[in-house]
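The block underneath contains the structure these notes are about, expressed in structure tokens.
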Amino acid sequence: MENQNTISLLVKDHPGVMQRITSLFTRRGYNMESITVGASEETGLSRITIVTACDESQADQIIFQLQKLVEVVEATLLRPRKTVTRELALMKMNVEPNRYSEIFKLVERIHVTVLDIGSKTMIIQAVGDTERINEIVEQLTPYGIFQLSRTGVMAMEK
């Protein structure tokens, strides 16, 4: 049975590390549904969060293989019930000025933020778990999303 597994990596911040990690997934035939990278709490190390669809034994095998990479300091399979996840989405919408008030009411109701208003566009930010982001995108789509950018999942064990 396949399900989503979230892997947290602490890696050395060197050129080529991402290529080695993604190559490992490619060689083994595992798909990365989401990958995020950023600075960690330690200078010289980066935190990578990967969401992949596989069963638990496959996830354990991925962790085992990742731990063999010299650049990987720590590899952890995050437990869903003990993990906080968040994703950021930016949506650019075509909005005629006469619909601004309608959009503002919706934005207030679904608890998202307007970051920028142009003459006929609006950029909206949403933060939440993946399911919430999917729901927000679904609610805003009828109003004219013409550009969508998502960060991918960030995760941390409680």
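Remarks
- Our analysis of the range 84-157 gives Rg over Rh at 0.99, with the two radii drawn from alpha carbon positions and Rh computed by the Kirkwood formula.
- Taking the Cα centre of the range 83-128 as origin and assigning +1 to Lys and Arg Cβ atoms and -1 to Asp and Glu Cβ atoms, the resulting dipole is close to 40 debye.
- Cα lying deepest toward the dipole's positive end in the range 84-157, options Asn134, Ser149, Ser101, charges on Cβ: Ser101
- Of the trypsin sites (Lys or Arg not before Pro) in the range 2-75, those whose Cβ has at most 14 other Cβ within 10 Å and which sit in DSSP loop: Lys68
- Among Ile133, Ile63, a tally of other beta-carbon atoms within 10 Å of each Cβ gives an order, fewest to most, of Ile63, Ile133.
- Between Val70 and Gln4, residue separation times 0.36 nm minus the direct Cα-Cα distance comes to 21.2 nm.
- Assigned charges on the beta-carbon of Lys, Arg, Asp, Glu; the chain dipole about Cα centre (debye): 140 debye
- Size estimate for the range 3-78 follows the Kirkwood approach: the inverse of mean 1/r over distinct Cα pairs works out to 12.3 Å.
- Proximal charge balance of Ile133 [Cβ under 10 Å; K/R count +1, D/E count -1]: -2
- Put simply, the C-alpha atoms of the range 1-147 give a gyration tensor, and the ellipsoid matching it has half-axes of 37, 17, 13 Å, longest first.
- Crossing angle, helix 56-67 versus the chain [Cα axis fit, 0-90 degrees, rounded to tens]: 70 degrees
- Working note: Karplus 6.51/-1.76/1.60 with θ = phi - 60° gives the range 16-21 the couplings x, 5, 4, 4, 5, 5 Hz, where Gly and Pro are set to x.
- Leading residue at positive end of dipole, the range 3-78 (Cβ point charges), from Thr22, Val51, Ile62: Thr22
- For the chain, the longest principal axis of the Cα atoms and the long axis of helix 130-140 meet at an angle of about 20 degrees.
Values quoted throughout were computed directly from the atomic coordinates according to the rules given, and no laboratory measurement underlies them. None of these values were measured; they are calculated from a predicted model. All Cβ positions, glycine included, derive from the backbone under ideal geometry; neighbour counts span all protein chains shown.
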